[in-house]
C-alpha cells in the first residue's frame, strides 16, 4: 500500500531522514516510535508530501508522489490526523466532515451529510454535528478530525501523535476509535508515544532514531527482546 | 471675532450633499481596493515568483508615493498618454481605489499569514488544491481577523478622499472651499467641514466595533 525507497530529507544542511526504506502492506498497522527529533514525524509527513523529500521515492496505492496532480490524487486516498487536530474553526462539525467529499470527490451534499452522520455515530459524537470545534473538548475534536479524514473513504490513515496534545483522561476515547478502525482492516501508520497501543494494536513496530529505522518487528518481540543498543536505551528511558 | 451661525445653518445642506459624495467615493474605492487587495495580497504570498514580485512592486510603489501625486498622475498625466480627458469622478475612484488596494493587500497578507499553518496542511491533506484551501478555509478565517484593520483603512481613506478636491471634484472639502470663496466664512465653514468628517469617522469606527463583536460571539 505504501512503498518508500531510499528516502532522504534535509532541512537546510541538517539531514533529518537518512535513507529510509519501508513497505506497508494493505490492512497493516505500523506503529512508529522514537525519541523526539528522530525524524519519525517527518517520515510520516513524507507519506503524503506535506514534507517534500530531498530525494527518494514514495508510492502510495500505486501512485508515485511527484507532481501536483499526482500528489492531490494520492492525498484523496490518504487520510491524515494531526497532533493539534487542525479542525476548521469557522465551520460546524458537519461542515468540517463534508467539505472535502463535496469539493474534492464531487459528492452531493445530502450524500456527504449521510456519510458524515454515520461516521459521527462511529466515533460516538452524533449529537455534536452542529457544534463548532472550539466548543468541543480535545478528545472530541480529535474524534471529529478522524471522522473528517475517514469521510474521504481513504485507503490509508496516517496519525501524527494523535494523543500528544490531549489531557490524560481523553487519550483512551481517541485510542479506542483508532483501535476500532484497525480492527475494521484499515491500513494505518501511527506515530505515537502510547506504548500500550503500540503493543496491543500494532502489527509491526518501527523504532526510528537519528533519521534511520534502527529496528522493526512484531511489537511484542521488539518490546521484550530489543536487539539494538539504541532501542534498549530508549526503552530504558520510557518504560 | 464674530461667528456667523446663520452661515453654518445655510451652508449645511450643501455640505451634507458633499459629505454624501465623500461617502460615495470612499465606499466605491474601498470596494475596489478590497478586490484589488485580495488578489494582490494573495499574489504576494504565492509561490509563483513573478506573481509575488509584481505584487511587491505594486504595493511598494503605491505606498511609497503620496496619494496626491497619484491623483495628479491619473488626472493630469494619464490624459497625455491616452490623448483623452479623464472624468474627475473616474479619476478620483481609480486613484483612491488602487491606492487603498495596496494597503488592503498588506492587511490581507498579514491576515492570511496569521492563520495557523495547520489549516493549510489539513486542507491539502484532504486532497484539496491550494486554491480550494485558500477559498474555503484560509480566506474566510482571515476575513474575520482583518475587519478591524479594514475599518481603519476605511476611515483613513474617507479622510484622504479630501485630496480629490484638488482636481475639482465636488466632495465635502471642495464644497467647503467653494462656499468660502463666495462668503469668506473660513472659520464657520472649515469648522463645519471638520465636524462632519468627525461624525462620519466616528460612525464608521462604531460600526466596525459592532461587527467585530458580532463575529467574535459567533
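Here are some notes:
- Alpha-carbon Rg with Dmax, taken over region B:128-170, Å: 16.9, 51
- Length added when fully stretched, residue B:52-residue B:184, from 0.36 nm per residue minus Cα-Cα: 42.4 nm
- Label-point gap, in nm, between residue A:236 and residue A:64 - each point 7 angstrom along Cα→Cβ: 4.5
- Taking the fewest neighbouring Cβ atoms within 10 Å as the starting point, the ordered list for B:131, A:98 is B:131, A:98.
- Computed over the Cα atoms of the protein assembly as shown, the ratio of the radius of gyration to the Kirkwood radius (Rg/Rh) comes to 1.15.
- Placing R0 at 25 angstrom, the Cβ-Cβ distance between residue B:27 and residue B:114 gives a FRET efficiency of 0.40 after rounding to 0.05.
- Across all directions, the average flat footprint of the convex hull enclosing the Cα atoms of region B:48-106 is 4.4 nm².
- Cβ neighbours within 10 Å from other chains - mean over B:116-123: 6
- Acute angle (nearest 10 degrees) that the helix B:172-183 long axis makes with the longest principal axis of chain B, alpha-carbon atoms: 10
- On Cα atoms only, tilt of B:49-64 relative to the major axis of chain B in degrees: 20
- D_trans [Stokes-Einstein, Kirkwood Rh over alpha-carbon pairs] for chain A, 25 °C, 0.890 mPa s, µm² s⁻¹: 134
- Shape call, region B:98-218: gyration tensor on alpha carbons, a/c limit 1.5: prolate
- Potential lengthening between residue A:229 and residue A:127 on full extension [0.36 nm per residue; Cα-Cα distance subtracted]: 31.8 nm
- The residues B:75, B:58, B:210, when put in order of fewest to most other Cβ atoms within 10 Å, stand as B:210, B:58, B:75.
- 222 nm mean residue ellipticity, helices alone, for chain B (DSSP H n ≥ 4; -39,500 (n - 2.57); rounded to 500): -26500 deg cm²/dmol
- Angle in degrees between helix B:5-45 and the longest Cα principal axis of chain B, rounded to the nearest 10: 20
- Normalised by 2.2 N^0.38 Å, where N is the number of residues, the alpha-carbon radius of gyration of region A:83-153 equals 0.97.
- Stokes-Einstein diffusion for region A:34-135, with the hydrodynamic radius set to the Kirkwood value over Cα pairs and evaluated at 37 °C in a medium of 0.692 mPa s, equals 209 µm²/s.
- When B:96, A:46 are arranged by Cβ crowding within 10 Å, least crowded first, meaning fewest neighbours, the order is A:46, B:96.
- Fraction of alpha-carbon pairs over 25 Å apart in region B:1-157 - percent: 45
Computed from the coordinates by the stated procedures, all read-outs in this text should not be read as laboratory data. These numbers come from a predicted model, not from an experiment. Counting neighbours? That spans all protein chains shown, and the Cβs are built from the backbone with ideal geometry, glycine included.
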